[in-house]
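Reviewing the structure listed below.
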Amino acid sequence: MGIIKRGRFWHYRIWVQGREFTGSTGLAATASNRRRALRIAEERRREIVARLASGPELPAVLFRQAAAQFLAWAADVEYRGKPSTARRLQTSFASIISCFGERRVAEITPGSIEDYKAWRAREHMVRDVTIRHDLHALSLFFKYCMKHGWVNANPVEQVAKPSDRDSLVQHVLTAQEEAAYFAAAKGTLYDVARLILLTGARPEEILSLRRGDIDLSRRTMHICGGKTRAARRTLHLLSEACAILERRLADNLASGADGWLFPSTRRPGEHISKLNHQHDEACRRAGVSFRLYDLRHTFATRLAESGCDINTLAAILGHSGLRLLTRYVHPTEQHRAAAMERLEEQQRASLRRVK
């Protein structure tokens, strides 16, 4: 048993029952990491011995090969109607394959995944929410492998996922930030951002709109995609949203586009998938900082402050339950103060009636 340097990392090389097992330790190939890499190699040896003694040998499918098959299935079958989800899986698997690529799928244990978490945090310095997304993608992968008989269990289920608290930090725009941002936003970004702020739809829901999803005579917009039944909904439009969509429809018809309201110029036949660069540039010019998704939170907060009941708000946002609304509604200090003033007035009125 030993370790060898491959690229920037220590890899282990283990012989068990006349067979060679190799893989990355996830540690940079430095002298200070050598002892830790040897410990990981010994842990791998024990895992392999225990696995071989536990029962019939599972198919010797390399992780890299299984991952390629899984990602193709995700893009072409499972998420063919949700290309953004398939792309997120591709993004997560770039680092996952880098770590596990040459190992057999059946060799990956909960301990291996804990090492992966440490590697991502230490070497790539990613946030907890990124590791959480990676583990979600990896869990989907192992469920796929179980159906093919390549593994007996999903090792991710025994691994603690980092908290998603940092992903819950949201920003509600002030009137001044809104004015500055939309003075800097141009073209497609302006239209998409305004529609998010005016409807509460998710960015990908706006970007994937087709001509047939809009009914200006009824002032409605239909969201056809979504992971749940609640996400597939019909939204009623404000006058400004109708004006933007009417202009987009006219431009779409005039250009002979294939039905997408926001067609991609880089990928003919597809819609624009993201506007991150344009949004970051607009924020820089405006002197503000927030995510495009925060416009949805701003819409939800403003709608709640207008007096909208929580069940209607959930339906408009496309949530099947009420729990997630705490992520989207962020009452301002003024709104909280006004609520307490209304309560005090109600108490005074009640006392007057008693007297």
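The values are calculated or read from the model by the stated rules, or taken from the named source; none is laboratory data. These numbers were taken from a predicted model, which means no experiment stands behind them. Don't worry about glycine lacking a Cβ; one is built from the backbone with ideal geometry, like all the others, and counts go over all protein chains shown. Ligands, DNA and RNA are excluded from the accessible area calculation, which covers all protein heavy atoms including side chains. Shrake-Rupley method; radii C 1.70, N 1.55, O 1.52, S 1.80 Å.
Calculated over the range 274-321, the projected area of the Cα convex hull averaged across directions stands at 4.3 nm². Pairs from the table (Lys147/Lys274; Lys5/Lys82; Lys82/Lys186) lying more than 30 angstrom apart at Cα are Lys147/Lys274; Lys5/Lys82. Fully extending the segment from Ala118 to Arg284 would add 56.4 nm, taking 0.36 nm per residue of separation and subtracting the current Cα-Cα distance.
Based on protein heavy atoms only, the chain ends up with 55 Å² per residue of surface accessible to a 1.4 Å probe. Using alpha carbons only, the radius of gyration of the range 179-251 set against its Kirkwood radius gives Rg/Rh = 0.96.
Nonpolar atom fraction for the chain, defined as the carbon and sulfur part of the 1.4 Å probe accessible area, stands at 52 percent. Against the chain, whose longest principal axis is taken from its Cα atoms, helix 239-255 shows a tilt of about 60°.
Each listed q (0.24, 0.25, 0.26 Å⁻¹) maps to a log10 I(q)/I(0) for the range 227-298, found by the Debye formula over equal Cα scatterers with no solvent: -1.20, -1.17, -1.15. Computed from label points 7 Å out along Cα-Cβ, the spacing between Arg80 and Ala28 is 4.5 nm. Relative to the longest principal Cα axis of the chain, at what angle does helix 276-286 sit, 0 to 90 degrees, rounded to 10? With both axes taken from Cα atoms, the answer is about 50 degrees.
When the helices in the chain are scored as -39500 (n - 2.57) per DSSP H run of 4 or longer and the sum is shared across all residues, what 222 nm value do you end up with, to the nearest 500 deg cm²/dmol? Write out the running numbers ahead of the final one.
Numbers: 13 runs with 178 residues, N = 355.
So the calculated ellipticity at 222 nm is -16000 deg cm²/dmol.
Computed FRET efficiency, Cβ-Cβ of Gln90 and Ala183, R0 41 Å: what is it to the nearest 0.05?
0.70
Thr174 to Lys274: extension gain in nm, 0.36 nm per residue of separation minus the Cα-Cα distance? Before the final figure, lay out each step's value.
Details: separation 100, 0.36 × 100 = 36.00 nm, distance 2.40 nm.
Full extension of this stretch gives 33.6 nm more.
I need the calculated FRET efficiency for the pair Leu351 and Ala153, taking r as the beta carbon distance and R₀ as 56 Å, to the nearest 0.05. Calculated transfer efficiency: 0.30.
Helix 333-354 and the longest principal axis of the C-alpha atoms of the chain enclose an angle of approximately 60°.
With r defined as the distance between the Cβ atoms of Arg267 and Tyr293 and R0 fixed at 30 Å, what FRET efficiency is calculated, to the nearest 0.05?
Working: r = 22 Å, r/R0 = 0.75.
E(calc), rounded to 0.05, equals 0.85.
Taking Rh as the Kirkwood radius, which is the inverse of the mean 1/r over Cα pairs, what is the Rg/Rh value for the range 97-210? Here Rg/Rh amounts to 1.15.
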